Amino acid sequence: MRFETMIWHPNVSSQTGAICLDTLGTGWSPVQTIKTALLSLRMLLESPNPKDPQDAEVAAMLTHNPERFAVVARDWAVRHAGATKQDIDLDKWIKKNVKEAAPKPDDTDRYKGYSKDLVDRFVNMGFDVESVVDAFVFVRIDHNDGQDYELEEAYMGDITARLLGEQ
């Protein structure tokens, strides 16, 4: 999967349109649907991940000069996608889009006894750890003593529905 329209985003190549999203490549699973792939893509577009870039130049700009990133992204949207040119409230944009530099702790408490690999399959689709764990608890997914395992397709559907707000 790639974009034909040029896009200024750290996880999309500004040259080829290739998308850096694990669930579209190495993290793909047969239980995923087009809906989950598109949702993952939407989440990636809404929440860029400059720590896992497809385009290092764009990622560096987002990290070190977010104001410039916002301006260039808007200009590319106008030039390549036909978006209407609008002024950007940079302060508001930065508050909404630039995450704190301090990473969240990668401790086992966040996973509440579930396998990190199991939870991360959904995190790689664009969901945060806490939402995935909450969905697991809601659907009553077995902790399996913290060991990874393959979820049944019905559980995958229930978890995805919960994460999408459909349950």
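Descriptive notes on the structure:
- Only listed residue being in a loop (DSSP other than H, G, I, E, B), in contact (Cβ under 8 Å) with a residue 12 or more places away in the chain and under 25 Å from THR36 (Cβ atoms), chosen from ASP148, ASP117, ASP158: ASP148
- Those residues of the range 73-96 which are aliphatic (A, V, I, L, M), over 11 Å from MET6 (Cα atoms) and either part of a helix (DSSP H, G or I) or not assigned by TED's automatic domain parsing to the domain that holds PRO48 (or both), in sequence order: LEU90, ILE94
- Scanning the range 33-67 for residues that are hydroxyl-bearing (Ser, Thr, Tyr) and either in a loop (DSSP other than H, G, I, E, B) or surrounded by fewer than 12 Cβ atoms within 10 Å (Cβ to Cβ) (or both) yields THR33, SER47.
- Filter result for ALA70 (modelled with pLDDT of 90 or more and assigned to a helix (DSSP H, G or I)): yes
- Filtering the range 61-72 to residues that are within 18 Å of the chain's Cα centre (by Cα) and of a type outside the set (Ser, Thr, Tyr) leaves only LEU62.
The values are calculated or read from the model by the stated rules, or taken from the named source; none is laboratory data. Since the model is a prediction, treat every value here as computed from it, not as a measurement. Here Cβ is always computed from backbone atoms with ideal geometry, including for glycine, and neighbour counts include all displayed protein chains.
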